[in-house]
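Student: Okay, here's the structure, questions in a sec.
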Amino acid sequence: MIQPEHWPDRATHSRVWALAWPMMLSNITVPVLGLVDTAVIGHLPEPHHLGAVAVGSMIFSILYWAFGFLRMGTTGMVAQACGRNDGAAIRTLLGQSLVLGAVIGLVILLLRTPLTELALQLMDPASDVLASATEYTAIRALGAPAVLCNFALLGWFVGNQNTRIALILLTSTNLLNMLLDLLFVFGLGMAADGVALATVCAEYFSLLLGLWFCRRMLARLPGEWIWQRLRRLSDYRELISVNRYLFVRTLLLLMTLAFFTAQGAQQGTTILSANAVLLNFMLLISNALDGFAHATEALTGRALGQRQRRPFYQVLVCTTLWSAVSAVLLTLVFWLGGQPIIHLLTDIPDVREAAVRYLPWIILLPLVSTWGFLLDGIFIGTTRVKAMQDTMLVSVLLVFAPVWWLTQSMGNQGLWLSFLCLFAARGITGAWVFWRLNRRDAWFEQRT
């Protein structure tokens with residue numbers, strides 16, 4: 001149980017911030033890239049290009065982040081291996097995650113045509129949006145192997161508490177992506193296809209840079225490779241066991257985002273485009289708050305590997321405090337600056353007006369969503385990932401879906417209300433699971 005001595009000292013605050021700030025900055029570059037994509041396309045005269053990027057991006061968010069376990073599962077297991085000073089396990093987890101990422105990416109690449117055609121049919125965008133979205137998805141699918149291997153690399157770096165490499169990797173990659181956006185769209189006269197091509201080029205650059213950093217870290221890491229563990233399928237059992245729950249959880253979340261986008265598309269191109277602008281704000285919020293979740297993953301996993309209770313609880317208290325402060329600051333940012341940012345992102349009057357109308361939901365989002373992000377960090381670091389699956393099942397099936405059904409008459413307002421309720425439910429159900437585990441001091445119990 002949490003005791004007074006578990007209040008974080010200065011050293012704990014320093015450790016948390018040393019891991020959190022690089023991840024916050026690097027995570028923010030991801031939605032900032034989305035904002036740049038939106039700004040570049042949003043200033044073209046035809047709004048259907050913006051809708052195409054929104055639809056195409058959502059498809060690949062689902063397709064790729066369904067395999068986000070390659071990042072999350074790797075982080076928790078590597079952090080615990082670091083706590084045990086098990087250099088061989090750290091190497092094995094890197095190799096296994098990269099092998100899984102490459103294999104899944106190649107399968108997606110081989111099945112890219114039927115997968116993207118089916119996804120576009122399910123999204124059912126307007127005819128003018130469909131043509132541009134088809135070009136976008138055909139190009140984006142080429143980056144699948146690089147994207148999934150990059151997930152594994154990021155998880156490995158965070159698990160090793162080396163978030164500064166993650167900062168360098170994501171920042172340089174997304175900066176390249178932004179520059180290529182400008183070159184392909186404004187320099188070469190491309191549209192949604194130019195945004196897709198820029199992204200694929202950046203994804204392969206990220207993979208090469210990440211492997212180079214990996215090689216440097218491994219040269220300083222004690223231990224040796226056990227190559228047999230990369231060849232035997234049975235040795236992947238633990239990694240797959242952890243990741244299956246993360247797969248279901250992530251798939252549920254991304255299916256909800258896809259449903260959200262599809263419902264917006266059915267209300268017309270203007271609503272679809274306005275929601276695309278606001279979803280970039282949502283990604284900015286989630287990626288910023290995830291900085292403390294990443295720190296929680298690495299530090300709780302290491303404390304668990306070392307079997308040390310006091311630093312474990314000190315990290316929990318520390319990251320809870322800073323997550324709350326960050327949520328309040330983000331709410332103030334969007335309350336005071338949301339409308340000017342919308343005007344920077346698009347000069348299409350109808351899209352601007354619609355985005356401002358629904359901005360209050362974004363202003364509330366940080367205060368509601370921060371607890372779910374933090375609890376996910378705890379569950380990943382301690383590999384209690386079944387809890388993440390179960391809480392997401394409850395939140396989607398028993399909260400989001402019923403609220404949306406009951407508020408359909410409210411149009412896009414009801415859609416945003418149901419989305420906010422999803423994040424609230426994630427925090428509440430996750431807190432309940434945390435309370436149950438904490439009450440019986442279950443974090444350090446032996447599990448098979």
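The values are calculated or read from the model by the stated rules, or taken from the named source; none is laboratory data. Values in this document were obtained by computation on a predicted structure and should not be read as measured data. Glycine also receives a Cβ, built like all others from the backbone with ideal geometry; neighbour counts cover every protein chain displayed.
Student: Mind checking which residues of the range 393-443 are out of contact with any helix residue (DSSP H, G or I) (no Cβ under 7 Å at 6 or more places or on another chain) and not in a helix (DSSP H, G or I)?
Tutor: Gly411, Arg440, Asp441, Ala442
Student: On to the next question. From the list Thr137, Thr92, exactly one residue is modelled with pLDDT of 85 or more, assigned to a helix (DSSP H, G or I) and among the hydroxyl-bearing types (Ser, Thr, Tyr). Which is it? Give the derivation first.
Tutor: Values: Thr137 fails: modelled with pLDDT of 85 or more.
Answer to the selection: Thr92.
Per-residue answers, yes or no, for (1) without any contact (Cβ under 8 Å) to a residue 60 or more places away in the chain; (2) surrounded by 24 or more Cβ atoms within 10 Å (Cβ to Cβ); (3) in contact with a helix residue (DSSP H, G or I) (Cβ under 6 Å, 6 or more places away or on another chain):
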residue	(1), (2), (3)
Ala138	yes, no, no
Leu142	yes, no, yes
Ala152	no, yes, yes
Ala166	no, yes, yes
Leu170	no, yes, yes
Asn174	no, no, yes
Phe184	yes, no, yes
Trp212	yes, no, no
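Student: Name every residue in the range 229-253 that is surrounded by 14 or more Cβ atoms within 10 Å (Cβ to Cβ) and of a type in the set (Lys, Arg), in order of residue number.
Tutor: Correct list: Arg229, Arg244, Arg249.
Student: Now a separate question. Which one of the conditions (1) modelled with pLDDT under 85; (2) surrounded by fewer than 22 Cβ atoms within 10 Å (Cβ to Cβ) does Val99 fail to meet, given that it meets all the rest?
Tutor: For Val99, the exception is condition (1).
Student: Let me ask something additional. Looking only at residues that are under 22 Å from Leu375 (Cβ atoms) and out of contact with any Phe, Trp or Tyr (no Cβ under 7 Å at 6 or more places or on another chain) in the range 401-426, which one is surrounded by the fewest Cβ atoms within 10 Å (Cβ to Cβ)? Step through it out loud before you land on a result.
Tutor: Looking only at the range 401-426, we keep the residues that are under 22 Å from Leu375 (Cβ atoms), and these are 401, 403, 418-426.
Filter again for out of contact with any Phe, Trp or Tyr (no Cβ under 7 Å at 6 or more places or on another chain), leaving 401, 403, 423-426.
On the way: Ala401: 15, Val403: 18, Phe423: 25, Ala424: 17, Ala425: 21, Arg426: 27.
Checked the range 401-426; the qualifying residue surrounded by the fewest Cβ atoms within 10 Å (Cβ to Cβ) is Ala401.
Residues are listed down the side, and each one gets a yes or a no for (1) modelled with pLDDT of 95 or more; (2) of a type in the set (Gly, Ala, Ser); (3) under 19 Å from the mean Cα position of the chain (by Cα):
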| position | (1), (2), (3) |
| --- | --- |
| Ser369 | no, yes, yes |
| Asp376 | no, no, yes |
| Ile380 | no, no, yes |
| Gln389 | no, no, yes |
| Phe400 | yes, no, no |
| Asn438 | no, no, no |
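Student: Would you kindly identify the helices (runs of 4 or more DSSP H) lying entirely within the range 276-392 that contain at least 3 residues that are among the aliphatic types (A, V, I, L, M) and free of Cβ contacts under 8 Å to residues at least 24 places away in the same chain?
Tutor: It comes to 309-345.
Student: Let me ask something else about it. Those residues that are surrounded by fewer than 21 Cβ atoms within 10 Å (Cβ to Cβ) and not small (Gly, Ala, Ser), I need them from the range 64-81; list them, please.
Tutor: The one that is surrounded by fewer than 21 Cβ atoms within 10 Å (Cβ to Cβ) and not small (Gly, Ala, Ser): Trp65.
Student: May I pose another question? Need pairs with beta-carbon distance below 8 Å; first residue in a helix (DSSP H, G or I) and within the range 217-230, second at pLDDT 80 or above and basic (Lys, Arg); sequence gap 6+ or separate chains.
Tutor: Pairs found: Leu218/Arg91.
Student: Would the range 271-281 turn up any residue that is touching a Leu at 6+ places or on another chain (Cβ under 7 Å), under 27 Å from Thr74 (Cα atoms), at pLDDT 85 or above and buried (at least 22 other Cβ atoms within 10 Å of the Cβ)?
Tutor: Scanning the range 271-281, I find no residue that is touching a Leu at 6+ places or on another chain (Cβ under 7 Å), under 27 Å from Thr74 (Cα atoms), at pLDDT 85 or above and buried (at least 22 other Cβ atoms within 10 Å of the Cβ), so the answer is no.
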